[in-house]
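Please treat every number below as a calculation from the coordinates, not as lab data. Just so it is clear, the model here is predicted, and its values are computed rather than measured. Quick reminder, even Gly has a Cβ in these numbers, built from the backbone with ideal geometry, and neighbours come from all protein chains shown.
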């Protein structure tokens with residue numbers, strides 16, 4: 001029985017309605033069809049948020065619509081979980097509009113990643129809500145095959161701890177500093193973590209295991225973000241770093257993203273475990289965020305207590 | 001005679017040695033040849049920093065070398081100005097290694113932009129040193145024609161105020177909120193401004209005119225950066241915004257960077273003047289940073305007191 005200090009929403013059970021919400025970028029029905037099929041196959045009852053398919057440039061509708069959908073999902077007593085359709089960009093524009101009292105009153109599991117890191121940070125700040133860092137409902141079997149679906153299913157619908165092993169075929173596998181660390185697992189997309197610095201949403205990482213993953217950012221920008229985290233003091237007192245996938249982060253220079261990760265994380269004096277299949281790459285696995293984790297960089301394993309109870 | 005609270009280095013005079021330094025990305029002799037020709041033509045005596053052409057991936061040599069070059073330039077009593085060859089990335093990795101006592105002891109004008117914004121922020125923090133936001137010595141006549149050269153020359157070698165008019169053919173010309181603001185001009189590249197949030201280098205923008213420019217960042221990322229600045233409180237108490245060039249910032253979405261700038265800056269309640277030919281675009285003009293400026297968004301003119309005395 002985990003004793004860490006976070007708010008665990010109830011585990012999802014067959015028959016539970018879950019709302020599909022688009023707090024960030026726009027999507028289309030055909031892109032979400034497979035996700036709906038999966039959720040339905042698990043016995044859940046996916047319900048579309050009113051503006052789930054709204055579009056306004058790179059946003060899934062205006063800020064008011066996206067915030068209204070989130071608040072409707074949090075307020076509706078029928079809804080038992082909030083499944084984000086996708087990331088993209090836009091969550092930070094609406095997180096200050098979330099009714100945190102409603103979140104605290106009726107905690108619900110929120111699943112998503114990438115731009116949804118911003119939403120999960122805000123829910124952590126406002127309600128200490130544990131969340132699920134995993135694929136959105138805009139599901140692509142090519143990227144997230146059966147193992148990904150099983151991983152999301154387990155994180156949402158069981159109360160078992162989640163174990164993720166570093167995988168040799170992952171690009172960041174070479175990034176490792178031995179040791180073992182325990183603390184809440186906090187983080188997600190590196191861009192969104194750094195875009196939270198100086199805002200109320202930036203979590204205190206003292207004693208925490210920081211999770212980072214990224215997509216389509218060249219090594220020098222990954223360097224800039226990690227240098228930013230170092231220079232603002234956010235990494236002081238960190239317990240460890242869980243390094244997920246850095247997908248399509250190569251550019252023309254001869255410094256790779258692995259070089260950058262080793263350079264910027266290797267001297268922090270804490271265990272670092274790369275090669276975790278968490279992020280935008282093929283075979284993305286789901287992990288709880290906000291809950292107690294053990295990063296065992298000797299054994300190459302990250303174990304996270306469940307987000308749901 | 002300006003009375004604002006900054007350290008103005010001496011104006012450059014014919015015969016003055018200036019050191020070409022690469023605090024960020026690497027360059028090559030052939031790329032700096034035209035810049036050396038221009039500086040020499042103004043009567044200056046360009047001297048290469050020891051590691052000006054060093055290379056280590058996307059950096060102009062290791063951190064120790066780049067920091068050593070900066071400190072050598074600041075410490076050498078012969079050197080009267082520091083001209084950065086180019087931006088790129090890397091200044092934030094070395095700014096904490098700068099000998100600020102040397103900077104304060106013998107203030108020298110530092111010219112550059114883009115990644116050099118990070119250096120100029122650090123010099124502002126550590127020495128209240130006014131700087132020159134203008135092209136580096138890796139000069140391209142196609143991008144920075146005669147008018148650009150004259151503008152840099154005037155900012156370095158005269159003590160006249162600098163005036164820049166909004167230009168109709170600039171993409172950001174449509175971004176405007178009427179009014180008039182006075183305060184120190186602070187800023188530069190938007191990525192580097194946001195990468196300073198939460199660090200000691202982030203200047204207090206209360207009462208300041210914020211200068212922003214960007215290159216090759218899609219509208220949603222410009223949105224993210226401006227949203228970040230808003231959410232961390234950096235724009236509270238701002239006097240005005242000077243919007244320079246946003247070069248090659250288009251992407252596939254139908255929201256343009258002009259839409260984003262209007263949306264994120266238009267409701268701040270301060271004057272905003274777009275269309276300033278300052279940044280990575282063709283015809284870049286030079287402006288002092290750190291010194292008192294008047295942003296006249298009615299007349300479409302930014303006037304800045306000189307960086308040098």
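Using the Cβ-Cβ distance between residue B:174 and residue B:55 with R0 set to 41 Å, the FRET efficiency from 1/(1 + (r/R0)^6) comes to roughly 0.50. The C-alpha atoms of the range B:223-309 occupy a region whose extents along the principal axes are 46, 32, 24 Å, arranged from largest to smallest. Fewest-first ordering of A:13, A:50, B:80 by other beta carbons within 10 Å of each residue's beta carbon gives A:13, A:50, B:80. Helix B:116-127 sits at what angle to the longest principal axis of chain B, using alpha carbons and giving 0 to 90 degrees rounded to 10? Computed tilt is about 80 degrees. Under the simplified labelling scheme, the residue B:236-residue A:96 pair shows an inter-label distance of 0.9 nm, with each label point 7 Å from Cα along Cα→Cβ.
Each of A:191, B:84 has some number of other Cβ atoms within 10 Å of its Cβ, and from fewest to most they run A:191, B:84. When both bridge partners sit in chain A, DSSP labels roughly 40% of those beta bridges antiparallel.
Which distance in Å, rounded to a whole number, links the C-alpha centroids of the range A:1-73 and the range B:216-241? Computed from Cα coordinates, the inter-centre distance equals 28 Å. Rg over Rh for the range A:37-83 works out to 1.03, using Cα positions for both radii and the Kirkwood form for Rh.
Chain A holds its axis-closest Cβ, relative to the rotation onto B, at the residue and whole-Å distance A:198, 2. GNM on chain A, alpha-carbon springs under 10 angstrom: the most fluctuating residue among A:208, A:75, A:297 is A:75. With a ≥ b ≥ c the root eigenvalues of the C-alpha gyration tensor of the protein assembly as shown, is it rounded (a/c under 1.5), prolate (a/b larger than b/c) or oblate? In terms of gyration-tensor shape, prolate. Protection proxy ranking for B:221-232, A:165-176, using the average of other Cβ atoms within 10 Å per residue and placing the highest first: B:221-232, A:165-176. Along each principal axis, taking the top coordinate minus the bottom one, the Cα set of chain B gives 48, 44, 37 Å in descending order. For the range B:76-210, the fraction of C-alpha pairs more than 18 angstrom apart is 61%. When both bridge partners sit in the range B:17-143, DSSP labels roughly 5% of those beta bridges antiparallel. Relative to the dominant Cα principal axis of chain A, helix A:219-231 is inclined by about 90°. Look at B:37, A:248, A:213 and count the other Cβ atoms within 10 Å of each Cβ; fewest to most, that gives B:37, A:248, A:213.
By DSSP, the beta bridges lying fully in the protein assembly as shown are antiparallel in about 40 percent of cases. Remark: mean inter-chain Cβ contacts per residue of A:87-96 equal 3, using a 10 Å Cβ-Cβ cutoff to other protein chain atoms. Partner shielding of B:218-226 amounts to 4, given as the average count of beta-carbon atoms from other chains within 10 Å of each residue beta-carbon. Rounded to the nearest 0.05, the FRET efficiency derived from the C-beta distance between residue A:282 and residue B:71 at R0 = 35 Å is 0.15.
Does anyone have the angle between helix B:146-157 and the longest principal axis of chain B? Alpha-carbon axes, 0 to 90°, nearest 10? Between helix and principal axis, roughly 70 degrees. Our Cα-only numbers for the range B:162-304 put the radius of gyration and Dmax at 13.5, 39 Å.
Per residue of peptide B:190-201, the mean number of Cβ atoms on other chains within 10 Å of the residue Cβ is 5.
Annotation for residue A:216 and residue A:267: the two label points, set 7 Å from Cα along the Cα-Cβ direction, are 3.3 nm apart.
Here the sum of -39500 (n - 2.57) over DSSP H runs of 4 or more residues, divided by the residues of the protein assembly as shown, equals -8000 deg cm²/dmol at 222 nm, to the nearest 500.
With Rh defined as the Kirkwood radius, the inverse of the mean 1/r over Cα pairs, the Rg/Rh of the range B:17-143 is 0.93. Modelled label positions at residue B:150 and residue B:206, each set 7 Å beyond Cα in the direction of Cβ, lie 4.1 nm from each other. For residue B:34 and residue B:159, the difference between the fully extended length at 0.36 nm per residue and the C-alpha to C-alpha distance is 42.5 nm.
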